[in-house]
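The next block holds one structure in the form of structure tokens; read it before the comments.
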Amino acid sequence: MAASAVQSIDTSGARARPPAPGMDGAPPGEAPDTAPARAKPLRQFLRTVTPTGRARPFERSEIIVSKTDPKGIITYANDVFLRVAQMEEETALGAPHSIVRHPDMPRCVFKLLWDRVSAGEEIFAYVLNLASSGDHYWVLAHVTPSWGPDGKIVGYHSSRRAPRDNAVEVAAGLYRQLKAVEDAAGGKADGMARGAAALGDFLKEKGLSYDELVFSL
Ligand SMILES: Cc1cc2nc3c(=O)[nH]c(=O)nc-3n(C[C@H](O)[C@H](O)[C@H](O)COP(=O)(O)O)c2cc1C
């Protein structure tokens, strides 16, 4: 992506807040605990919400947007994000992006996402997210790094559209397999490595790269 295009999505806006606590695993590293007093317990509650199995629809014309600092702490969430995730802006800003993590998502997909964007590359990914009610929503996310004037990554930007039903069907089937592989492993790190290997095997069998798979759906 051209540097000029990336400059336009710099995260230093009036709504940006200082980083807040990394909860369990906002990569990479920990952020200082500066969360507003009311927002923190709510965020912890959201990490334990039980999925309802109900889909939370949004319009095909809508774009769910968020920006993060380099550690994945949310610095901006647009109105569509807040409405679909059923979250107050106060809760979202300063929270790790895993605040909308769905427990069915395989870890290896997030590892791939972080490997790519922290290396300065962009990525498209199908992601299943969890709203605060426990309802879920699938997105096709485009995640990009944002660069500062010194050439360092100052944050990340994600734009998400509603994916096609048949793409969701394929992604959900693949993610179920990857999650099962991860769950059968001894621990988190082992699970992630096995999940990544299983994703590699799946792609090899299809004769596709990861990007080719995403764009083929
Ligand atoms: C810009 C950006 C957007 C992200 N969007 C999401 C998202 O919509 N849903 C999600 O679960 N994780 C998202 N992540 C990844 C999270 O930071 C995190 O890696 C993931 O939720 C797994 O969390 P865990 O390691 O605590 O399980 C995003 C990361 C970045 C940098």
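Readers should treat all values here as calculations from the given coordinates under stated rules, not as data from a laboratory. If you're wondering where the values come from, they're calculated on a predicted model, not measured in any experiment.
Between E212 and R54, full extension at 0.36 nm per residue minus the direct alpha carbon distance yields a gain of 53.9 nm.
Scalar couplings 3J(HN,Hα) for the range 176-193, obtained by applying the Karplus form with A = 6.51, B = -1.76, C = 1.60 to θ = phi - 60°, are 4, 5, 5, 5, 5, 5, 5, 5, 6, 7, x, x, 4, 5, 5, x, 5, 5 Hz; x denotes Gly and Pro.
Residues in the range 91-96 carry Karplus couplings, in order, of 6, 6, 5, x, 8, x Hz; the curve used is 6.51 cos²θ - 1.76 cosθ + 1.60 with θ = phi - 60°, and Gly or Pro positions show x. Measuring against 30 Å, Cα to Cα, the residue pairs K152/K179; K111/K206; K71/K179; K179/K206; K71/K188; K111/K204 contain K152/K179 as the ones spanning a longer distance.
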